[in-house]
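What follows is a set of notes on a single structure, which appears directly below.
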Amino acid sequence: MRLDEKEIQKALAVGKKYHFHKEGHRLYQINVPMDLRALDWEFLGKIVLIEFTVGYNRTEGTFILVKEFSDEDREVFTKAYVSDEEVENVLNNQA
């Protein structure tokens, strides 16, 4: 899940609940680990969503941080990320 830096607490804590909201309708899996990323695609950790609601062109809910990445982990995960554009370029260049 990508969140605006204003929504990401400076001091994240494993096991703590955080509220989020995003524009648009989105569907997420509950209690399944997923990435927490900043808008610049920097990977921050792993979260699980415990609840969310969708309506009025808005999605909001609650997640729990289950792993905060160290600076080294953030760098590795961020560098390893494959963007939609990279995938599209490879697929478009197939014979």
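Nothing in this text is a laboratory measurement; each read-out follows from the coordinates by a stated rule. Please read these numbers as outputs of a predicted model, since none were measured by experiment. Because the Cβ atoms are built from the backbone with ideal geometry, glycine has one as well, and the counts that use them run over all protein chains shown.
The separation of the stretch 1-31 from the stretch 48-95, counted between C-alpha centres, amounts to 11 Å. Computing FRET efficiency as 1/(1 + (r/R0)^6) for ASP40 and ASN89, where r is the C-beta to C-beta distance and R0 is 22 Å, gives about 0.60. Among GLU88, GLU60, a tally of other beta-carbon atoms within 10 Å of each Cβ gives an order, fewest to most, of GLU88, GLU60.
Taking the number of Cβ atoms within 10 Å of each Cβ as an exposure proxy, the fewest-first ranking of TYR18, TYR56 is TYR56, TYR18.
The mean sequence distance of close C-alpha pairs (under 8 Å, at least 6 residues apart), as a share of the length of the chain, puts its relative contact order at 29 percent. What angle do you read, to the nearest 10 degrees and between 0 and 90, between the alpha-carbon axis of helix 71-80 and the longest principal axis of the chain? Helix 71-80 sits roughly 40 degrees off the main axis of the chain. Return the label of the correct value of Cα Rg over 2.2 N^0.38 Å, as calculated from the structure shown, out of (i) 1.20; (ii) 1.52; (iii) 1.37. Label (i) holds the value from this structure.
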